[in-house]
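Asker: Dumping the structure here so I can ask a few things about it.
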Amino acid sequence: MTGGSPYSALEIETWRRLLAHGALLRSSAAYLGDFHDLSLTQQVVRSAAGELTLAAQGAALAATDDAAVRGASLAWATELTHLALTASGPAQALLTALQVCAGQASNLDPYRLLFDALEELSAVVYGECWDSPTLSLAGLMTDPHLNGLDDLYPIAGLLESRNPPVVELQIYPEAFRASAYAVIPRLFVHEFVCHVPARGGPSSNTSAFAEGFMDWASEFFFERWIALVDPSLAPTAIEHSRAYDQVVTRAATPEGAARRRGRRAAEGLVIWLVSQGGRQIDEASAWLARQAVLLNCVDAPEAAKDQLVIQLSQPFSPQLDASLRRLLPGGGLSSLLP
Ligand SMILES: [Zn+2]
């Protein structure tokens, strides 16, 4: 049954479980970096993470969203009190802080809060080209990266090209934890900046343009936006987004190689702008991020955009070098599309 769940793809029990888990992680945002790190070395902190999973599981059968969050909050805070008594040093300080955070959990949808805030910022950057997406939340029966319960990042984001477009956040609840919650903003910004407004037909996951060049731009925006959207979470979100990227971007796979090539193209262009154009690196990066957004909105086939990115990922030919010099400072990269 799905009555009461705000997401059609999510049964009410899974919704209340994910709501309670996400709400407690959200209220603990400032401590999630320590929570993750100490859970790797301190058994008592690992137990606290296990108790959080159990508290969220217990919320699945609550009668209302509010009861789900209140019940999980109380259950976890009680366990944290007991665990803190057996801990010492930084682990004890952390568990005591988490206990206070647990008491402050709210029943607002933590996924939608991130989605809405980041969507608003994306809409400003894309302007008329923006096509407001809706959020879908889905619970997975297995880990999307096939790492089972050990996966630090048992989540995935994808775009369904419907009208309006649907961004689906998939979570494997059994392995959900602080590290996974911390990368949700990065997943949203990737879908918003790379895919939602993309023109040029359906995107391939081996597109150096969509997955690499645009992902470079999405990282640029993400690192600026997260500080506005959730300053407490920002340092941990940035740290885990980089770690997550290492997990999902493997040079030996076609997807990973395309992603790396597209990013090298972007980095190479920034370096060229700094060395040839006399710009500061921040200014060059901001210019390129803006150009990437404009290029994404150009109604040209993705293959043409890939071709340009592949050219940019190699040592610049004299023709490309000359073309780039000509288009600066006022022109746009889209004029170089084949
Ligand atoms: Zn993508």
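Every read-out reported here was derived from the displayed coordinates using simple, explicitly stated rules and does not represent laboratory data. Nothing here was measured: the structure is a model prediction, and the numbers come from that model. Methodologically, a virtual Cβ is constructed for each residue, glycine included, from the backbone with ideal geometry; neighbour enumeration extends over all protein chains shown.
Asker: How high is the relative contact order of the chain? Use alpha-carbon pairs under 8 Å, at least six apart in sequence, and give a whole percent.
Answerer: Computed over the chain, the figure is 15 percent.
Asker: Continuing with this model, one more query. List, largest first, the extents of the alpha carbons of region 233-338 along their principal axes, each in whole Å.
Answerer: That gives 40, 30, 27 Å along the principal axes, largest extent first.
Asker: Among bridges DSSP assigns within the chain, what percent are antiparallel (round to 5)?
Answerer: The antiparallel proportion sits near 50 percent.
Asker: Pull the list of the chain cysteines that no other Cys approaches to under 4.7 Å, Cβ to Cβ.
Answerer: When partners are defined as cysteine Cβ atoms under 4.7 Å apart, the chain leaves CYS101, CYS194 without one.
Asker: How far apart, in nanometres, would the label points at GLN246 and LEU158 be if each is projected 7 angstrom from Cα along the Cα-to-Cβ direction?
Answerer: Reported label-point gap for GLN246 and LEU158 is 2.7 nm.
Asker: List the pair-distance distribution P(r) of region 42-87, using every Cα-Cα distance, as the percent of pairs falling in each 5 Å bin from 0 up to the bin containing the longest distance, rounded to whole percents.
Answerer: 5, 25, 28, 19, 12, 7, 3, 0
Asker: Using the Kirkwood formula on the Cα atoms of region 12-103, what hydrodynamic radius do you get, in angstrom to one decimal?
Answerer: Kirkwood hydrodynamic radius for region 12-103: 12.8 Å.
Asker: Enumerate the calculated ³J(HN,Hα) couplings along region 281-298 in order (Karplus 6.51 cos²θ - 1.76 cosθ + 1.60, θ = phi - 60°), each rounded to whole Hz, writing x wherever the residue is Gly or Pro.
Answerer: Values, residue by residue: 4, 5, 5, 5, 5, 5, 4, 5, 4, 5, 5, 4, 4, 5, 5, 5, 8, 6 Hz.
Asker: So, one more: Got a sec to turn the phi values of region 206-221 into Karplus ³J(HN,Hα) couplings, 6.51 cos²θ - 1.76 cosθ + 1.60 with θ = phi - 60°, whole Hz, x for Gly and Pro?
Answerer: With coefficients 6.51, -1.76 and 1.60, one gets 10, 7, 5, 6, 5, 8, x, 4, 5, 5, 4, 5, 5, 5, 4, 5 Hz.
Asker: Amide H of SER136: which non-local residues (sequence gap of 5 or more, or other chain) have their own amide H closer than 5 Å, using H built in the peptide plane?
Answerer: Sorted by chain and number, the residues that satisfy this are VAL167, GLU168, LEU169.
Asker: I'd like the Kirkwood hydrodynamic radius of region 131-266, using the inverse of the mean 1/r over distinct C-alpha pairs, in Å.
Answerer: 15.3 Å
Asker: In whole Hz and in residue order, list the ³J(HN,Hα) couplings for region 244-252 that follow from phi through the Karplus curve 6.51 cos²θ - 1.76 cosθ + 1.60, θ = phi - 60°; x for Gly and Pro.
Answerer: Here the 3J(HN,Hα) series is 4, 4, 4, 6, 9, 10, 10, 4, 7 Hz.
Asker: Would you mind getting the Kirkwood hydrodynamic radius of the chain from its Cα pairs, rounded to one decimal in Å?
Answerer: 21.2 Å
Asker: What percent do you get for the relative contact order of region 178-338 when only Cα pairs under 8 Å and 6+ apart count?
Answerer: Once normalised by length, the contact order is 30 percent.
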